[in-house]
Ligand code: ADP
């Protein structure tokens, strides 16, 4: 059986993060088993999710009963209850769930989840805070740090690059960034090549070291 054919996931915790994630996966055609200790939340999402169960994910027996070990993928979307989050993650690791995503509320929390055996740790509040700081303090229209020190930024085409091909501007050597995509006014994004000529009003996506992307977005 192709691993990609298995579109089922166990979502522990139906708070803001867990419920958004679960609903989006259902939208994308996935089978989602949503678990929460709160009867109210389970009731709220009973119709929208494939399956919902009231259960305590720190309880080994409860996890067995809901068939948690049959899942290849699980998400621990318990944020604020540190101990519950760590115990639930550890239970899923013990059950042999092969891909576990876990939400952390701080870097320390995230580190513990990794040590316990989570395969992917996300820090939504932390990451979004940093991202908004970049957007607020700079000129970028959108920004995502793909990993520590490497980013994609969306920005207006700077004046000094207009009317010449990207090759002629030597933007890669000059600023250390690569122009990945261009969006003409009123059109959609397409990929950029060395021959692409930027025009006034173009919006571009650039990739590079975070410092370089930031510096590039400041030029006018
Ligand atoms: P968010 O910030 O995304 O709303 P919360 O940490 O507030 O996240 O919500 C996490 C959810 O996880 C809550 O609905 C809570 O009832 C649920 N939860 C907490 N502990 C457990 C547990 N041991 N088993 C299952 N669900 C849990």
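A short reminder: the numbers here are calculations on the coordinates, not readings from a lab. No experiment lies behind these values; they were computed from the predicted model shown. So basically every Cβ, Gly included, is an ideal-geometry build from the backbone, and we count neighbours across all protein chains shown.
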### Task
For n ≥ 4 DSSP H runs only, could you compute -39500 (n - 2.57) per run for the chain, divide by its residues and tell me the 222 nm figure to the nearest 500?
-10000 deg cm²/dmol
### Query
Hey, fewest Cβ within 10 Å first, where do 73, 64 land in order?
64, 73
### Query
Rounded to the nearest 5, what % of the DSSP beta bridges within the chain are antiparallel ones?
50
### Query
Given a cut-off of 28 Å, what percent of all Cα-Cα pairs of the chain lie beyond it?
46
### Task
Note down the relative contact order for the chain as a percent, whole number, built from C-alpha pairs under 8 angstrom at least six residues apart.
13
#### Entry: Ranking of 202, 5 by count of other Cβ atoms within 10 Å, fewest first
5, 202
### Message
Just want to confirm a number: the relative contact order over the stretch 127-218, from Cα pairs under 8 angstrom separated by 6+ residues, in percent.
### Response
35
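Set the Förster distance to 25 Å, then compute FRET efficiency between residue 132 and residue 174 from the Cβ-Cβ distance, nearest 0.05.
Numbers: r = 29 Å, r/R0 = 1.14.
The computed FRET efficiency comes out at 0.30.
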### Message
Please compute the volume of the convex hull spanned by the alpha-carbon atoms of the stretch 101-193 and report it per residue in Å³.
### Response
147
### Task
Can you tell me the order of 46-52, 208-214 when each peptide is scored by its average per-residue count of other Cβ atoms within 10 angstrom, highest first?
208-214, 46-52
### Task
Give the span of the stretch 3-122's Cα atoms along each principal axis, as three whole-Å numbers ordered largest to smallest.
35, 33, 27
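Of 136, 14, 152, how do they rank once you tally other Cβ atoms within 10 Å and put the fewest first?
By the 10 Å Cβ count, ascending, the order reads 136, 152, 14.
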